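Worksheet for the structure shown next.
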Amino acid sequence: QVQFVESGGGLVQDGGSLRLSCTASGTTSRTAMSWYRQAPGKRREMVARISITGVTSVSNSLRGRFTISRDSDKNIVYLQMSSLKPEDTAVYYCNYPFAESSTNWGQGTQVTVSS
């Protein structure tokens, strides 16, 4: 099955930026992809998605701060996050869009924003 590998998280101060990367091994097909996050004690939520053709969508509450993009040649999907806030602290995951009920998830990458 497809293996999702996320990287790029870390500890950043309030107002800082990070760029997360995602690769999906085990597939040779280009596909729509999404970024999700799960904060402590909260449900996992989809924050952005990108279509096969590069059309993007970002959660209303994050628009203007988060940007999703992809390098199709390298099969990498990115999440650029800027003006980070403590409430953005979460584990970030990538997967197919609308995969909330999936049991196939990567390890995720921890993003911690200090105030």
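Couple of notes before you dig in:
- Total residues in the stretch 1-50, condition open to solvent by less than 60 Å² (accessible area, probe 1.4 Å), among the aliphatic types (A, V, I, L, M) and over 17 Å from residue 73 (Cβ atoms): 9
- Matching residues in the stretch 72-109 - criterion: being out of contact with any Ser or Thr (no Cβ under 6 Å at 6 or more places or on another chain), surrounded by fewer than 19 Cβ atoms within 10 Å (Cβ to Cβ) and more than 18 Å from residue 2 (Cβ to Cβ): 73, 83, 85, 87
- Filtering 53, 67 for residues that are at pLDDT below 95 and open to solvent by 40 Å² or more (accessible area, probe 1.4 Å) leaves a single hit, 53.
The values are calculated or read from the model by the stated rules, or taken from the named source; none is laboratory data. Since the structure is predicted, the reported quantities are computational estimates derived from the model, not experimental observations. Don't worry about glycine lacking a Cβ; one is built from the backbone with ideal geometry, like all the others, and counts go over all protein chains shown. For accessibility, only protein heavy atoms count, side chains too; no ligands or nucleic acids. Shrake-Rupley method; radii C 1.70, N 1.55, O 1.52, S 1.80 Å.
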